[in-house]
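Down below is the structure, laid out as structure tokens.
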Amino acid sequence: MKLLVTGGAGFIGGNFIHYMQRAHPGYEIICIDALTYAGNMETLGGALSHPGFRFVKGDVADREAVFALFESERPDIVVNFAAESHVDRSIDSPDVFLRTNIMGTGALLDASRQYPVRRFHQVSTDEVYGDLPLDRPDLFFTEETPLHTSSPYSASKAAADLLAQSYFRTFGLPVTISRCSNNYGPYQFPEKLIPLMFVNALAGKPLPVYGKGENVRDWLYVEDHCEAIDLILHKGRDGEVYNIGGHNERTNLEVVKAILAELGKDESLISYVTDRLGHDLRYAIDPRKIGEELGWAPHTAFEEGIRRTIRWYKDNRAWWEDIMTGAYLEFYAKNYGGR
Ligand code: NAD
Ligand code: TYD
């Protein structure tokens, strides 16, 4: 079996490659990644020397490069993680989100038609459903919830989902889509809530909580997400969407306080800053379909996952210190300078 994994030098794609090499050591894995600010070869580490692994530096929106790769590699399965993934960056500059997330997915879908694959898996997000109100804890996103996006990021991901579904309906391409809730764990770039708060707290810097910190996210340990995708690749039904989440809802303030408690740092580090524009209130997944159809259930409780994640960041300082480059610090100064 030969897998093409796009965006594998990023957070979830990198974890997925490590996971698949453990779960299916005989599989060939080709990773294509443009190595944007979010991509890092250090994330792949030991995966690089695994037999059957190849890395190709390339842009999924470069159709010529994508078709050449399919021509030479002829993958059986495509798993598309490659994306611009940070909501705040999409508010700042939407263009690159349209290019990578929509045009990139389009190029991969076309190549998958020309060089037929057994499965095209689109890694999507629960953010395509928009948000839920804070005062209706009885509501959850199901696969039937209408797409109703809030940010340029989620709009670009929804466009990619619709395109992928259209390739199933129109061309019979064996597409599956997963929509997962917020992930956390090793190798997450420190612009996202959990690693950013950890890195700041460790340095004794203020922790910038947007608004009142009351927004709710449904957190899933990254390895549980990888296992769900593995199941969908092998047992999922063509044309289907699977929501992935583990009923681990927390307000942002609860998450930040848990990190401070784990580090033994004072809550006075919390700094309330201007809210994100269009900030989604609550995400919450109903994961019954993937549980009932594919037997998936998450293994890692939030408290355990946070402990493991913090231990990983403490033990792998070089990984995150090295990527705190000038470019990232510039973005950070621009994003928080005026708040
Ligand atoms: P990430 O930003 O950490 O990694 C994205 C990777 O894609 C990077 O390695 C980057 O170099 C690569 N990339 C970007 N543009 C590219 C291009 N044009 N061509 C090739 N490679 C390119 O993102 P992540 O958090 O690992 O998310 C991966 C996928 O999972 C995304 O599609 C995202 O929408 C989805 N997702 C993320 C979460 C989450 O909580 N992080 C939750 C649900 C779904
Ligand atoms: P983030 O990790 O960017 O993921 P997403 O926006 O895709 O859910 O943010 C998670 C939550 O944390 C979101 O409600 C915004 C909030 N947040 C802060 O309060 N401060 C921050 O510095 C960041 C990056 C996020």
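Karplus-derived 3J(HN,Hα) values for the stretch 85-90, using 6.51 cos²θ - 1.76 cosθ + 1.60 with θ = phi - 60°, are 10, 9, 3, 4, 5, 5 Hz; glycine and proline are entered as x. Where both bridge residues fall in the chain, DSSP classifies roughly 10% of the beta bridges as antiparallel. Mind checking which of H121, H148, H225 has the largest fluctuation in a GNM of the chain, springs on alpha carbons under 10 Å? Its mean-square fluctuation being the largest, the pick is H148.
Amide H contacts of I244 (H built 1.01 Å from N, in plane; Pro and chain starts excluded): R179, C180, S181 sit under 5 Å, all sequence-distant by 5 or more or on other chains. Computed from phi, the 3J(HN,Hα) profile of the stretch 262-272 under the Karplus parametrisation 6.51, -1.76, 1.60 (θ = phi - 60°) reads 5, 8, x, 9, 7, 5, 5, 6, 5, 10, 7 Hz, with x in place of Gly and Pro. Round to the nearest 10 and give me the degree value, 0 to 90, for the angle of helix 222-235's Cα axis relative to the longest principal axis of the chain. For helix 222-235, the angle is close to 20 degrees.
In this rough spin-label picture, where each label sits 7 Å from Cα along the Cβ direction, the L147-Y27 distance is 2.5 nm.
Among the listed pairs K212/K334; K205/K334; K257/K289; K157/K257; K192/K289; K57/K314, a Cα-Cα separation exceeding 23 Å is found for K257/K289; K157/K257; K192/K289; K57/K314.
Paramagnetic label reach from A318 (point 7 Å along Cα→Cβ; backbone nitrogen cut-off under 13 Å): within the stretch 37-70, residues 42-43, 45-46. Here the simple spin-label model places points 7 Å from the Cα toward Cβ, and for Y37 and D275 these points are separated by 2.5 nm.
Fewest-first ordering of D88, D315 by other beta carbons within 10 Å of each residue's beta carbon gives D315, D88. The sum of -39500 (n - 2.57) across all DSSP H runs of n ≥ 4, divided by the residue count of the chain, sets its helix-only mean residue ellipticity at 222 nm to -12500 deg cm²/dmol.
For F67 and S268, what does the FRET efficiency come to when R0 = 45 Å and r is the distance between their Cβ atoms, rounded to the nearest 0.05? Please report the intermediate quantities before stating the final value.
Details: r = 55 Å, r/R0 = 1.23.
Efficiency, from the Cβ-Cβ distance: 0.20.
Residue-wise HN-Hα couplings along the stretch 168-183, as the Karplus relation 6.51 cos²θ - 1.76 cosθ + 1.60 with θ = phi - 60° gives them from phi, are 6, 5, 7, 10, x, 5, x, 8, 10, 9, 10, 10, 9, 7, 4, 9 Hz; Gly and Pro carry x.
Could you state, as a whole-number percent, how many of the C-alpha pairs of the stretch 1-143 are farther apart than 18 Å?
57
Distance between the modelled labels on R288 and R136, one decimal in nanometres: 1.7 nm (7 Å Cα→Cβ projection). The ratio of the alpha-carbon radius of gyration of the chain to the globular-protein estimate 2.2 N^0.38 Å is 0.95.
Residues whose amide H falls under 5 Å from that of R119, counting only those 5 or more places apart or on a different chain, are V78, with hydrogens built in the peptide plane.
Taking amide H atoms as placed 1.01 Å from N in the peptide plane, the amide H of Y210 lies under 5 Å from those of V273, each 5 or more residues away in sequence or on another chain.
No value in this document is a laboratory result; all are computed from the given coordinates. Note that this is a predicted model, so its numbers are computed, not measured. A quick note on method: Cβ atoms are made from the backbone with ideal geometry, for glycine too, and the neighbour counts reach across all protein chains shown.
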